[in-house]
Amino acid sequence: MTSASASKEGFDASQADPQAAMEKVHSLAGAVTRPKSEGEAVARPTSDGVPPTRQGAYKIRLPDSTAQSDKGIGWQEILFEGTSELFPIPPDQLSLKADIETTLMTLKGIFPDKNEQATPRPMTPIQRRYLAYQIKLLGIAQTGLQTPADPNSARLSLEALHADILLREGPRVKNSYMFHLGVPAAVLAAVSAVLYLVLRNNPQASYLLYAYRNLFVLLTGTMIGTWLSFGLRRPRIVFKDLSALEEDMMEPAVRLIFTGLIAIAIAFVFATEMVNINIGGLNSARLLDKGSSALLIGMLLGVSELALPGVLTRRASQFVSEVGGKA
């Protein structure tokens with residue numbers, strides 16, 4: 001409908017309908033002034049009505065160990081080579097490229113490989129699994145970033161690949177982490193429990209250590225609580241978690257030692273009655289006298305491991321502030 005035909009229909013026709021003509025004029029104005037959506041193609045269709053091919057900004061391939069230009073590039077990589085034919089690069093292609101590179105880094109975190117150069121021959125089962133995901137990711141990158149480019153379809157495929165990887169690899173990654181955290185936690189808890197029993201049954205060995213024997217009970221509880229903490233905090237994981245289940249990236253053994261030392265420091269805060277907590281029958285001041293209280297407090301501190309550094313820092317700041325105020 002053109003403006004001329006709308007005018008003729010509204011005013012020149014034998015049965016003129018000005019109201020209908022005005023509605024069509026408003027519709028035509030809206031169609032002319034409507035802004036293009038972000039993903040709408042700018043190019044016009046070809047003369048035969050076929051939509052034009054959308055240009056891609058990259059050529060994507062796997063490293064070639066026989067090519068001199070690819071020397072030193074690991075086999076786990078995907079190479080993005082700019083074509084210099086499309087400038088500036090469309091935002092949707094830049095965003096897709098960043099997401100594909102993030103996915104690749106996550107895969108390399110899930111499947112670490114010491115052989116970072118030539119493609120291994122023969123491949124281990126783990127390497128073959130990585131290669132299968134790498135080839136799928138390569139196809140997605142080529143679909144979205146190479147001519148003819150279709151970033152929207154590629155993004156949908158990338159989301160489906162994320163879901164597939166999470167379904168297949170998520171249980172293994174999570175259970176493996178809990179195992180690697182649980183083994184040293186069990187060892188440290190057992191050592192602490194044995195030391196407590198030795199001191200309890202042999203007070204003459206060291207009266208000082210005997211007086212603080214419940215700290216080993218607290219450590220036992222802290223190790224148990226720290227292992228429970230991960231399962232309680234992360235009942236479900238998402239794709240981005242697969243490469244780093246803990247944001248602070250501590251190794252399990254380091255995490256346990258760090259949490260245990262903070263727990264001991266907080267135990268002394270309770271023992272000196274700098275802070276006194278009474279909840280039901282639990283009295284933090286009796287930590288050194290009552291083993292069950294020490295065990296429970298240790299477990300609670302372990303479960304709250306992420307909050308412990310902030311708690312200890314605030315108490316240290318409070319102490320220093322008091323010292324400064326009295327000087």
- [ ] For the range 161-170, indicate whether the set of residues that are in contact with a Gly (Cβ under 8 Å, 6 or more places away or on another chain), basic (K, R) and either closer than 30 Å to D92 by Cα or not in a helix (DSSP H, G or I) (or both) is non-empty.
- [x] no
Task: Flag if S192 is surrounded by 14 or more Cβ atoms within 10 Å (Cβ to Cβ) and not in a helix (DSSP H, G or I) - done: no
Task: Near pairs, Cβ below 6 angstrom, 6+ apart or cross-chain, from the range 190-205 (under 24 Å from M299 (Cβ atoms)) to any residue that is part of a helix (DSSP H, G or I) and among the polar types (S, T, N, Q) - done: S192/T220; A193/T220
- [ ] Kindly indicate whether I100 is part of a loop (DSSP other than H, G, I, E, B), at pLDDT 80 or above and under 30 Å from the mean Cα position of the chain (by Cα).
- [x] no
Open item on the list: So for the range 178-188 (the condition being loosely packed, with under 12 Cβ neighbours inside 10 Å and over 30 Å from G82 (Cα atoms)), does at least one residue qualify?
Closed with: yes
- [ ] Test G302 against the criterion of being assigned by TED's automatic domain parsing to the domain that holds L188, in a helix (DSSP H, G or I) and under 19 Å from W227 (Cα atoms), and give yes or no.
- [x] yes
Task: Residue within the range 305-315 that is of a type in the set (S, T, Y), in the same structural domain as A265 (by TED's automatic domain parsing) and over 22 Å from A193 (Cα atoms) present - done: yes
TODO: Among the residues of the range 302-322, write down those that are at pLDDT below 95 and of a type in the set (V, I, T).
DONE: V311, T313, V320
TODO: Could you tell me which residue of the range 70-92 is nearest to R54 (Cα to Cα), considering only residues that are assigned to a loop (DSSP other than H, G, I, E, B) and charged (D, E, K, R)?
DONE: E85
TODO: Working only within the range 230-261, note down all residues that are closer than 26 Å to A316 by Cβ and surrounded by fewer than 18 Cβ atoms within 10 Å (Cβ to Cβ).
DONE: R233, E246, E247, D248, M249, M250, E251, A253, V254, I257, F258, L261
Open item on the list: Filter the range 123-168 down to the residues that are of a type in the set (S, T, Y), buried (at least 17 other Cβ atoms within 10 Å of the Cβ) and closer than 24 Å to S84 by Cβ and list them by number.
Closed with: T143
TODO: Out of the residues in the range 117-156 that are among the polar types (S, T, N, Q) and in contact (Cβ under 8 Å) with a residue 60 or more places away in the chain, state the one that is farthest from L94 (Cα to Cα).
DONE: Q134
- [ ] For A211, state whether it is over 16 Å from A193 (Cα atoms) and among the small types (G, A, S).
- [x] no
Open item on the list: I'm checking my understanding of the structure. Among residues of the range 273-307 that are more than 30 Å from Y207 (Cβ to Cβ) and out of contact with any Gly (no Cβ under 7 Å at 6 or more places or on another chain), which one is surrounded by the fewest Cβ atoms within 10 Å (Cβ to Cβ)?
Closed with: G280
- [ ] Taking K114 as meeting all but one of (1) touching a residue at least 12 places away in the same chain (Cβ under 8 Å); (2) surrounded by fewer than 13 Cβ atoms within 10 Å (Cβ to Cβ), write down the number of the exception.
- [x] (1)
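In the range 270-299, what residues are assigned to a helix (DSSP H, G or I) and under 30 Å from M178 (Cβ atoms)?
F270, S284, G291, S292, S293, A294, L295, L296, I297, G298, M299
The values are calculated or read from the model by the stated rules, or taken from the named source; none is laboratory data. Please read these numbers as outputs of a predicted model, since none were measured by experiment. Note that each Cβ is placed from the backbone with ideal geometry, even for glycine, and that neighbours are counted across all protein chains shown.
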